[in-house]
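Below: one structure, written as structure tokens.
Read-outs throughout are calculated quantities, based only on the coordinates presented, and are distinct from any laboratory measurement. Just so it is clear, the structure is predicted and the values come from calculations on it, not from any experiment. Ideal geometry is used to build each Cβ from the backbone, glycine not excepted, and the neighbour counts take in all protein chains shown.
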Amino acid sequence: MMNMIEKKPEVLAPAGNLEKLKMAIRYGADAVYIGGQAFGLRSRAGNFTYEEMTEGVTFAHDRGAKVYVAANMVTHEGDAKGADVFFKTLKDIRVDAVIVSDPALIVVCANAAPGLPIHLSTQASATNYKTLEFWKSMGLERVVLAREVGIEEIREMRRHTDIEIEAFVHGAMCIAYSGRCTLSNHMVNRDANRGGCAQSCRWKYDLFEMDGGKEESLLRDDEPFSMSAVDLSMLHHLPDMIDAGVNSLKIEGRMKSIHYVSTVANVYRNVVDAYCSDPEHFTFDPAWDEEIWKVAQRDLSTGFYYGVPTEKEQLFGKVRKIPKYTFAAQVLDYNPDTHIATLEQRNNFGVGEEVEFYGPGFAHFKQTVRDLWNEDGEPIDRAPNPMMTVTMTVDAAVEPYFLMRKK
Amino acid sequence: MIELITTAESYQQAEALLDAGADTLYVGGHPFGLRLPNPLSIEEIGKIVTYAHRRGKKVTVACNALMHNEQIEKLPLYLTRLAELEVDTITIGDPGAIFVLKELQLPLKFFYDAGTLVTSAEQIAFWIGQGASGAVAARELTLKELIAMQQKLEQPIEVQVYGPTCIHQSGRPLLTNYYHYTGSDGPVTKDQGLYLRDPKNEESQYPIFEDEDGTHIFSTEDLSLMGQLKVMHEQGLNTWKLDGVLLHGEAFVRVAALFHEARLAIESGAFVPESFCNRLAKLQPEHRPLGTGFYMKNPEDVH
């Protein structure tokens, strides 16, 4: 007998700009999180203006998806100026929630935009169920867990509280407890908790002991000391996350590309749907794994979910080369009669190259580029210019917003 | 009234620190207190509390860890025992611990202490609303910011005026992981004198160690606000913490005594900062430079 999971967890994807927001939703995200022009931690991500937010929220709501705005800066004196107008505007724009870690901002938000749901950011390092109960009693709807929490701990939390639980399932990780690292502050005068993180943990260091005023190196085999975490991927363990009671599965990466966001959202959407539709007969499809590795930037691990990470979950030595795919083009149009697709170029490609098309719903096929025409219908060998429009014959049906990658 | 708070690593040192002029002793143990000079058992804490109270002094107990379920479940018993001991104050950094404290309705005062996350008067006001009697300021604040914050609040902001400051806490055993990667073992504990250096900054040497809470990294310099104590006092920043997490025994007591002397000099109007700074420099271990961290920077310099 089939035993469907009725209340599917949300697939939550990052969106660094409007184009990524739309793509993430087309590729299956139930919700996206974005940054505004202020109060966030990604000063270098393309952050949204109110106009862009409005467009993004309309696009999302039309498709039954949600938009959350990260305002997870830890404010100093004066930094919270204007936050009341900011939160009120987000509420008027009909943003679905804000992600906050600073209690000063929580208070401003609750007063200026009553009814706008507040999620506690992972920066606040929530690691136990009493902390979840505390934030629930403050009126928060959801807590994003610290990355140091294990699956068993989540199960235990779920037994003690009904506040929504969001947990990271994929992407880069802080090696420190998020929010509890000021390496950047002390090393380069950049405040990590106000968007200035310089990723000092990924630098190489000397390690030594001081013995009676004399330094004795502890480095072995010329290997520098480093604190660089490999990336998180719970792709193989989503049933555990879902069964533990996680309500929202979060993908990291507001700085990541369209290629990355569309691919990761597509895979997680497909796995969550497959598991929830028939948990008893769920089997892992190796194609999901293969797909994720096409956009992986580091080795992947399960973080703290199954125990404290060992040396295998850190980047040491020569970094393993991961096959890199490049985002080559986006499909604008397709003519089913002629099998000719119209593409917008995103990276140089040409006739004779092996390419792969993929689209929402985990659609995939590979082919060789056999022909190529420019906008005037003249045959060309290569598509060298950014954003140029070209046409080519494709081996299978495609649709607008299918993407094409190459090795 | 200036309050001088010092860490204490043992009963013996606690006695010496009170002799040296400390008003409040800061102690604690695993698994609730973070980065202590020496974790103490509840019995040892009890002895220190009894002794301090007999001398009319106070004791603060560290409960400032980020707690996992396992710790939060043990917390009620620990807090109950601290209340029975009539501990004067505890520090809390995990809101779950505040929730537990409220549930238990214990007569325990607490200071909010979440390390680098305490950076504005409005935040502290929030925690005061949750029952806090004050808060421990982030070390990443400037003196300008601290003064502005204190002026907005009636409750005290505790400022670290001496000692190393933690700049990184990881839940991972970063030293062990490094050794294991290279197929070896090596020292990891606090008192083995381990340091990191950024090769691009020759003068850097960041103390690092592992304990039950993970891996901790500290700043190159020991903070010292000796030169700024008078300004602090004039501006209402009167709760001073001396942290001896990396300086043990008599050496730390001598530093505490000097700060006490400085306090008396300020109160009597006889404080000469240069003289006290020079004396502190002489007490300071050779391999631990003194500095003012972020305190003397302009808020705009850090972004």
Taking r as the C-beta separation of A:D221 and B:R81 and R0 as 51 Å, the FRET efficiency to the nearest 0.05 is 0.60
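Can you give the mean number of other chain Cβ atoms that lie within 10 Å of the Cβ atoms in peptide B:290-298?
Details: counts 0, 0, 0, 2, 5, 0, 0, 1, 0.
Shielding by partners across B:290-298 averages 1.
With +1 assigned to the C-beta of every Lys and Arg and -1 to the C-beta of every Asp and Glu, and no other charges, what is the dipole magnitude of region A:160-291 about the Cα centre in debye, to the nearest 20?
Details: 11 positive and 23 negative charges, 171 e Å.
So the magnitude is around 820 debye.
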Across B:146-155, the residue-averaged tally of Cβ atoms belonging to other chains within 10 Å stands at 1
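Averaged across B:66-75, how many Cβ atoms of other chains sit within 10 Å of each residue's Cβ atom?
Details: counts 11, 5, 10, 15, 3, 3, 7, 4, 0, 2.
Taking the mean over all residues of the peptide, I get 6.
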With the label point 7 Å along the Cα-to-beta-carbon line of A:E19 and a cut-off under 14 Å to each amide N, the hits in region A:343-373 are A:344-348
Per the helix-only model, chain B has a calculated mean residue ellipticity at 222 nm (DSSP H runs of ≥4, -39500 (n - 2.57) each, divided over all residues, rounded to the nearest 500) of -11500 deg cm²/dmol
Any lysines whose Cα falls less than 17 Å from that of B:K74, other than same-chain ones fewer than 8 residues away, would be A:K130, B:K102
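Enumerate by residue number the trypsin sites (Lys or Arg not before Pro) in region A:70-118 meeting two conditions: DSSP loop (anything except H, G, I, E, B), and at most 15 other Cβ atoms within 10 Å of the site's Cβ.
On the way: sites: A:K81, A:K88, A:K91, A:R94; in loops: A:K81, A:R94.
Answer in residue order: A:K81, A:R94.
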Using alpha carbon centers only, region B:227-256 is separated from region B:70-135 by a whole-angstrom value of 23 Å
Set A:K7/A:K88; A:K256/A:K294; B:K57/B:K144, cut-off 20 Å on Cα-Cα distance; pairs above it are A:K7/A:K88; B:K57/B:K144
B:E103 and A:T283 label points (each 7 Å along its Cα→Cβ direction) are spaced in nm at 4.5 nm
Percent antiparallel among DSSP beta bridges confined to the protein assembly as shown, rounded to 5, stands at 50 percent
Classified through the alpha carbon gyration tensor (a ≥ b ≥ c as square roots of its eigenvalues; rounded if a/c is under 1.5, else prolate when a/b is larger than b/c, else oblate), region B:81-131 comes out prolate
In terms of the charge dipole of chain B, which places +1 on Lys and Arg and -1 on Asp and Glu at the beta carbon, the residue among B:T6, B:G21, B:V49 farthest towards the positive end is B:G21
